[in-house]
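Worksheet for the structure shown next.
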């Protein structure tokens, strides 16, 4: 049995487990990214000498990835770097199992529909992109509530009134007070857009780079090859997905009624903070995505090999 012959259920389980391992390893970077992306939303009101009330930007609490992580650890404790971890792992098990585990199946279907185009051709790249977009959007339908809860926990500061007692309590409270559509599935459209883009950046770039390396015989199908492809995939995903990621994070974390929708959130962010706001948290986002991709893809490739070995030994 070859890796691409593994049953779909096994591939989905391996993908979800690999993503959970990567998420645990890189979660503090994700928390730092969320704090930096949410920073700057609030505007303080002040009355000047003329008596005119004006909006002023609050003093920035977090500066840079390392500074953000150190500030959170110093002021709130190391455990707060892992706020929302339970929801994050639930998200990855639901999300990655679909967007990564199901990718090869969808790609094979689209490839057959496109009459098996040559590898590296324009049609082949479009087929891979279509498969990535499809599984990315499908995954959001399954995992959206877990993403909302994860973001809420990560954005919550220590000392603030605790909105939720735990992950499952958060699901109940959000569903009851905000509803399914406006609560648990809040921000689904920007999240679907982000994950379609991230899927193209991560899975498609990884898939294409790995194929190129192996076709040109630059490396063998082993860890150095997987590492190289993962770094390029993480970089591509960060560059193209950061603006959508910022809006997704802010919109999901916003109290009910603050924004009329994701587009309204984007417009207000641009008007108040300028275009640079869409790349807030870029360095931690880049560091986190590259680190996450390295951990995930190397683990995924090795776990697939172990699964194939187990199947062959069982036979």
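The values are calculated or read from the model by the stated rules, or taken from the named source; none is laboratory data. Remember, it's a predicted structure, so these values are computed and weren't measured experimentally. Here the Cβ positions follow ideal geometry from the backbone for every residue, glycine too, while neighbour counts run over all protein chains shown.
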Quickly run through the stretch 177-194 and pick out the residues that are modelled with pLDDT of 80 or more and at positive phi.
179
For the stretch 210-225, what are the residues that are surrounded by fewer than 13 Cβ atoms within 10 Å (Cβ to Cβ) and more than 28 Å from the chain's Cα centre (by Cα)?
215, 216, 217, 218, 220
If you scan the stretch 304-314, which residues turn out to be surrounded by fewer than 18 Cβ atoms within 10 Å (Cβ to Cβ) and either within 26 Å of the chain's Cα centre (by Cα) or free of Cβ contacts under 8 Å to residues at least 60 places away in the same chain (or both)?
305, 306, 309, 310, 313, 314
Out of the residues in the stretch 179-192 that are touching a residue at least 24 places away in the same chain (Cβ under 8 Å) and surrounded by fewer than 22 Cβ atoms within 10 Å (Cβ to Cβ), which is nearest to the chain's Cα centre (by Cα)?
192
The lone exception for residue 147 - which of (1) at pLDDT 85 or above; (2) closer than 17 Å to residue 195 by Cα; (3) in contact with a helix residue (DSSP H, G or I) (Cβ under 6 Å, 6 or more places away or on another chain) it fails:
(1)
Residue identified as modelled with pLDDT under 85, part of a loop (DSSP other than H, G, I, E, B), in contact with a helix residue (DSSP H, G or I) (Cβ under 7 Å, 6 or more places away or on another chain) and closer than 30 Å to residue 303 by Cβ among 119, 33
119
Among the listed residues 202, 273, which satisfies the condition of being out of contact with any strand residue (DSSP E or B) (no Cβ under 8 Å at 6 or more places or on another chain), touching a residue at least 24 places away in the same chain (Cβ under 8 Å) and crowded, with 21+ Cβ neighbours inside 10 Å?
202
Quick one: in the stretch 226-268, of everything that is assigned to a loop (DSSP other than H, G, I, E, B) and crowded, with 16+ Cβ neighbours inside 10 Å, which residue is modelled with the highest pLDDT?
259
Quick check on my filter: what residues within the stretch 271-308 are out of contact with any helix residue (DSSP H, G or I) (no Cβ under 7 Å at 6 or more places or on another chain), closer than 26 Å to residue 67 by Cβ and part of a helix (DSSP H, G or I)?
272, 273, 275, 276
